Amino acid sequence: MRFIATAAALGLVSLTIQARADILAGSSAFNLQEIVDAFGDEQGQTLTLPIAADITSIELLIGRANIAVVLTDPIVVDLFATAESPLNGPQPTGSPIATGSVAPFMSSSFEWRSFDFGGVVALETDTTYAIVVSSTDTGGYAWAGTNNGDYEDGNEISRNLGDTIWVQQPQGEQTFRVIGTFIPEPASAVLLALCLGGLTLRRRR
């Protein structure tokens, strides 16, 4: 996982959290998962933020699974809170806390596609959430991921048609980016203020 932050203003810092975003689309390292395959299997990804954040969108690396499939319906991303199952790990629970969608597309290339939530969604630090992707166009789309297990703050999850339990894939991870701003803890905010103040004094001298 990479965590990229740039100081934009005191108290709010622009944020991009990305899992395996450094792999180029089309690389043989990718493990392509159909978003909803011919058997109705569903795909998702859990994530835990290192800091509290106000997010506005999630980006996924998505392309066409089968260019012969006629696409008529959007891809939908639902963001869920999770509940810990002793046997099955974090499980998406309740109603989605945010939803975004992308219209059908014809391009066969894998590109970062943005799912805008239409507002700010507050996420808590050290809390596990789940990205769940769906579409009624069975076999039309694929989500790029890997089996490297490099992302330590979440796992790929999947669920068979008719099942209620999501299965954890400990070595799997689906590519994603979380876009928004994080809110530093009070001590961090003070430190950032001191740093910015020091920069201002240097410039004046």
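Things worth noting here:
- Strands (runs of 3 or more DSSP E) fully within the stretch 1-114 that include at least 1 residues being touching a helix residue (DSSP H, G or I) at 6+ places or on another chain (Cβ under 9 Å), surrounded by fewer than 16 Cβ atoms within 10 Å (Cβ to Cβ) and modelled with pLDDT under 50: 2-9.
- Among residues of the stretch 141-154 that are among the hydrophobic types (A, V, I, L, M, F, W, C), those with a Cβ under 6 angstrom from a residue that is assigned to a loop (DSSP other than H, G, I, E, B) and modelled with pLDDT of 80 or more, sequence gap 6+ or separate chain, pair up as A144/F110; A144/T175.
The values are calculated or read from the model by the stated rules, or taken from the named source; none is laboratory data. Model, not experiment: these values are computed from the prediction. Backbone-built Cβ (ideal geometry, glycine too); neighbour counts: all protein chains shown.
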